[in-house]
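Quick notes on the structure that follows.
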Amino acid sequence: MSTLSTASSNTDPEYEISRAQYFMRSDPEQSLAILNKISNVDKLPDEQQVAFHVLKLRTSLTLNYLDDIDPILETLFKLDEKPAFSETIVAILSGTGIWLRKTNYFDAAQHVFSCALKHADKSSQRISLLISSAIVARYKKDYTLAKSIYSEASNIAMRLDDVRAMATINNNLGTIAMDQGNIKEAEAHFREALTAFQLANNHSGHINSGINLLFTFVLQNKSIDFLRLYPHISQLSDEYPDESKKAYLFWVNSAYQYTQGVKLTDQQNKELIIEFNKLAGPQLKTLIKIHLASLIGIEVPIVEHIATKKFENKTWFNKVLSCNW
């Protein structure tokens with residue numbers, strides 16, 4: 001046996017899990033690749049099993065690999081009587097709620113976040129869960145509730161000087177302003193979010209807030225601002241493995257080109273339709289349809305909002321409803 005294969009077969013799972021943790025935010029694709037090379041996970045100690053599945057849940061969420069998450073949750077909740085599960089319960093419930101939200105099970109997501117808040121004993125955990133709850137409120141178009149929750153989260157984040165949380169809150173308040181047609185207010189929030197995400201070295205948030213800001217520049221005909229920011233955000237997006245972000249940037253840039261008098265070809269129009277279907281969630285699709293598709297003069301598919309999608313009661317979800325951990 002070669003030295004290389006011996007090293008590979010003797011890889012320490014604990015070390016590999018810590019490596020995956022290290023790359024989770026800066027390079028989630030790398031993090032997931034590391035996790036996928038770990039074999040016989042069910043033979044690992046409980047602590048490592050839970051850590052493995054929580055990391056896989058979080059990286060899959062970051063990369064929007066939503067179809068991969070259901071089996072992860074099935075496995076995780078089978079470990080719910082283990083001390084390692086109890087020690088990580090807030091992270092598990094938070095990830096579960098985010099997945100439910102991203103798959104349009106809004107009521108189920110709120111149940112999960114409510115349960116998680118009962119177990120959150122750290123201010124940082126409360127911030128994260130409050131943000132998640134506010135996002136669901138926005139998706140249900142309850143903007144008053146969403147802003148109220150963000151205000152509570154913002155107070156805690158400012159007290160802790162949590163730059164990343166403040167970046168997320170500002171970005172999300174910007175999306176609410178966009179929903180309500182307040183483009184100048186949205187721009188102000190997105191500017192603050194972009195600066196804070198850069199300070200926090202959060203690549204996903206950096207790209208997303210940057211594209212959001214570019215969107216507002218297009219709508220306000222701020223050509224110089226657009227040209228200053230676009231190359232930087234475009235390069236980051238090219239390097240980041242998220243097709244929904246690439247599709248979003250493609251739409252924003254195409255709209256900008258159109259406003260500058262560039263006539264879009266039939267092929268580009270077809271690409272816009274293809275990329276429209278890759279956009280993350282009906283909320284973003286609606287904003288694109290209202291502001292950019294109408295600007296360019298292109299017909300896009302009808303956006304279906306599913307506000308009352310009922311979650312199929314699985315054994316693990318019944319455990320969440322009782323919340324007796």
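Annotations
- Spacing of the two label points (7 Å from each Cα toward its C-beta) at residue 314 and residue 155, in nm: 3.6
- Helix 13-23 axis versus longest C-alpha principal axis of the chain: approximately 20°, rounded to the nearest ten.
- Normalised per residue, the volume of the convex hull around the Cα set of the range 212-296 (Å³): 88
- The chain: equivalent-ellipsoid semi-axes (sqrt of 5 x gyration tensor eigenvalues, Cα, Å): 35, 24, 19
- FRET E, pair residue 277, residue 223, Förster distance 30 Å, beta-carbon r, rounded to 0.05: 0.55
- In the elastic network of the chain, a GNM with C-alpha springs shorter than 10 Å, the most mobile of 274, 72, 211 is 274.
- With a cut-off of 17 Å on the backbone N, the residues of the range 255-282 near the modelled label site 7 Å out from residue 294 along Cα-Cβ are 255-256, 259.
- Solution diffusion estimate, µm²/s, Stokes-Einstein, the range 157-270, Kirkwood Rh from C-alpha pairs, 4 °C, viscosity 1.567 mPa s: 89
- Label zone at residue 147 (point 7 Å along Cα-to-Cβ), backbone N below 17 Å, the range 172-201: 172-190
- Gaussian network model of the chain, Cα within-10 Å springs - most flexible of 167, 186, 280: 280
- Residues 236, 173, sorted so that the one with the fewest Cβ neighbours within 10 Å comes first: 236, 173
- Exposure proxy for 27, 70: other Cβ atoms within 10 Å of each Cβ, ordered fewest to most, give 70, 27.
- For the range 80-153 versus the range 15-76, the gap between their alpha-carbon centres in whole angstrom: 20
- Residues listed by number, the range 131-153, amide nitrogen under 13 Å from residue 286 label point at 7 Å toward C-beta: 136-144
- Shown is the FRET efficiency for residue 140 and residue 12, computed with R0 = 41 Å from the Cβ-Cβ distance and rounded to the nearest 0.05: 0.35.
- Long pairs among 184/263; 43/246; 263/309, criterion Cα-Cα beyond 32 Å: 43/246; 263/309
- Label separation (residue 33 vs residue 199): 3.3 nm, computed from points 7 Å beyond Cα along the C-beta direction.
- Compared with the dominant principal axis of the Cα atoms in the chain, helix 46-62 is inclined by about 10°.
Values in this text are rule-based calculations from the coordinates and carry no lab data. Here the structure is a predicted model, which is why all the values come from computation and not from measurement. Neighbour counts run over all protein chains shown; Cβ positions are idealised from the backbone, glycine included.
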